[in-house]
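These notes concern the structure reproduced below.
Values quoted throughout were computed directly from the atomic coordinates according to the rules given, and no laboratory measurement underlies them. Only a predicted model underlies this, so the values are computations on that prediction, with no experimental measurement involved. Every residue, glycine as well, gets a Cβ built from its backbone with ideal geometry; the counts of neighbours run over all protein chains shown.
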Amino acid sequence: MAEQPAIDPMHQFLIHKMVEIPPVNIGGFLLDLSITNSIFTLLVGAALVMVFLALTARGEIVPNRAQAAAEALYGIIDNVLVTPIIGAGGRPYIPFIFTLFMLILTLNLMSVVLAVGNIGGQHWTFTVTAQLAVTATLAVITFFSVFILGFIKHGPKFLSLFWVPGMGIVGGILMVFIEMISYFVRPVTLAMRLFGNMLGGHVVMSLFGSFVVGLGIFALAGGIATLGWIGSGLSLAMIVALTGLELVVAVLQAFVFAALTTVYLNEVVNFGHGH
Amino acid sequence: MANETNATTEAAGHAAASGGLPQFDFQWWPGQIVWVLIVFVVLLAYMRLFAVPKLGGTIAARDAKIADDVAQARQLKAEADAQADAAAAERAQARSAAQKMAGDARAKARAEIDKALAVEEARLADVAAVSDAAIAKARDKAMGNVAGIAQDTAQAIIAKLTGKAATAAELATAKG
């Protein structure tokens with residue numbers, strides 16, 4: 001119908017440069033740190049987290065609503081995850097888990113309700129957490145922080161993580177391979193889970209959005225095509241429902257990322273107790 | 001993958017996008033990775049130095065304050081209970097003292113009454129004894145007179161009937 005395809009749900013994930021920064025030459029590799037719409041939204045998200053916490057963490061004994069909200073978010077990490085899963089020994093890792101949780105939660109929610117990406121020439125909110133580069137980086141940060149912490153705390157003994165007792169020599173060696181695969185696949189699943197959830201939801205929403213406009217334009221032709229209004233209306237209703245679902249997914253995926261990080265940390269902090 | 005250094009044009013981006021997921025357009029990866037690392041480190045420092053101590057510290061302080069207040073309330077309640085107990089004990093003591101005093105007064109009054117009663121009874125007994133003695137004496141005297149009168153009467157009857165006076169011995173025998 002039109003020159004450019006009416007339905008292009010992937011368009012929302014396209015990255016554009018907003019502010020050009022000359023590339024940095026690192027040993028022959030040109031690192032381009034230009035501010036793109038993705039990076040801009042990431043920076044806005046991080047700034048929102050910091051401003052929100054600066055305004056709400058007032059330290060009053062009797063909290064107002066905003067402070068109670070910030071403390072409730074903190075309570076999710078402290079009372080729901082760290083203390084029940086790791087125990088008192090998990091206290092030093094709360095900042096790490098809270099950082100992951102708040103950043104992912106904010107970026108996820110922004111992708112549903114805040115059209116920051118519009119400033120970057122997008123026609124939809126920009127979903128930073130639907131960029132595999134971003135989720136993979138977060139997953140690798142988590143994985144290696146935990147892995148390195150294991151060696152710092154327990155030394156080479158930490159490698160006994162892969163040894164399953166009571167399997168005999170041959171069975172044990174076989175299990176080492178399986179255990180290693182299941183261990184090193186963790187950052188992949190961590191990255192893919194968040195990426196896939198955010199990608200899928202936004203693609204579906206974008207598709208229904210195209211249906212609203214596409215079927216609406218089709219219905220303007222008159223005649224039997226007028227029935228297109230029904231499809232257009234239904235698609236609009238679907239978007240409303242999907243927005244609600246996406247809000248749930250946004251919070252849930254941030255929580256899942258934080259929960260898995262806590263579980264991985266628990267293996268390191270309480271190494272040798274739970275095996 | 002042909003996006004190492006110079007393929008940073010929009011055209012390359014669109015070409016990659018039309019071929020599949022824009023996320024796999026690797027020309028944008030290094031920038032995003034480095035920026036995510038920077039943002040994460042800054043945010044982590046912010047959390048560790050400001051947000052978490054503030055939030056966690058406030059929550060801990062609140063919990064401590066609540067525990068403190070509850071402990072203080074408990075202590076005050078214990079004090080109030082102790083005071084109530086002391087008041088109750090004092091009242092019980094006062095009551096027993098009053099009861100003792102009343103009992104003493106009653107016993108004393110009873111003793112005085114008993115004493116007065118005993119004196120009066122003794123006096124009455126004395127009077128009664130004196131009276132009894134007097135009555136007995138008067139009766140004995142009267143009875144003695146009766147015997148004499150009977151003897152005299154009997155002597156007179158005998159003298160009248162027999163014409164001869166009976167002797168005193170005969171009369172005593174007849175009386176049986």
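For segment A:15-56, just list the percent of Cα-Cα distances falling in each 10 Å bin from zero outward, please. Each 10 Å bin holds this share of Cα pairs: 28, 33, 26, 11, 1. Couplings for segment B:53-62, taken from phi via the Karplus curve 6.51 cos²θ - 1.76 cosθ + 1.60 with θ = phi - 60°, read x, 5, 5, x, x, 5, 5, 5, 5, 5 Hz in order; Gly and Pro are left as x. Using alpha carbons only, how many angstrom separate the centre of segment A:33-68 from the centre of segment B:17-64? So the two Cα centres are separated by 11 Å. Its DSSP H runs of at least 4 residues, each contributing -39,500 (n - 2.57), put the calculated 222 nm mean residue ellipticity of the protein assembly as shown at -25000 deg cm²/dmol, to the nearest 500. When only Cα pairs below 8 angstrom with a gap of at least 6 residues are kept, chain A shows a relative contact order of 23 percent.
Taking a straight Cα-Cα cut-off under 19 Å and skipping sequence neighbours fewer than 8 places away in the same chain, the aspartates and glutamates within cross-link reach of A:Lys153 are A:Glu267. The modelled label-to-label distance between B:Met101 and B:Ala166, using points 7 Å beyond Cα along the C-beta direction, is 8.4 nm. Per the Debye formula on identical point scatterers at the alpha carbon atoms of segment A:32-184, with no solvent, log10 I(q)/I(0) at q = 0.09, 0.12, 0.19 Å⁻¹ is -0.45, -0.73, -1.21.
Annotation: Cα Rg of segment B:104-160 relative to the compact-globule expectation 2.2 N^0.38 Å equals 2.34. Cβ crowding within 10 Å, taken as a proxy for footprinting-reagent exposure, orders A:Asp8, B:Asp140 from fewest neighbours to most as B:Asp140, A:Asp8. Largest first and in whole Å, the equivalent-ellipsoid semi-axes of segment A:165-213 read 44, 8, 6, each the square root of five times a Cα gyration tensor eigenvalue. Jot down the per residue volume, in cubic angstrom and as a whole number, of the convex hull over the alpha-carbon atoms of segment B:132-176. It comes to 62 Å³ per residue, whole-number rounded. Could you tell me what % of all Cα pairs in segment B:28-166 have separations over 24 Å? Percent of Cα pairs beyond 24 Å in segment B:28-166: 78.
Once every Cα of the protein assembly as shown carries one equal point scatterer and solvent is ignored, give the base-10 log of I(q)/I(0) from the Debye formula at q = 0.09 Å⁻¹, two decimals. Scattering profile of the protein assembly as shown, log10 relative to I(0): -0.80. Note on segment A:11-269: Kirkwood radius taken over Cα pairs, Stokes-Einstein applied at 37 °C and 0.692 mPa s, translational D equal to 154 µm² s⁻¹. Scanning residues 5 or more positions from A:Leu31 or on other chains, those with amide H under 5 Å from its amide H are A:Val24, A:Asn25, A:Ile26, with H placed 1.01 Å from N in the peptide plane. Structural size metrics of segment A:117-275, computed from C-alpha coordinates, are Rg and Dmax of 23.6, 77 Å.
Under 26 Å of direct C-alpha separation, and excluding same-chain neighbours fewer than eight residues apart, B:Lys77 reaches these lysines: B:Lys65.
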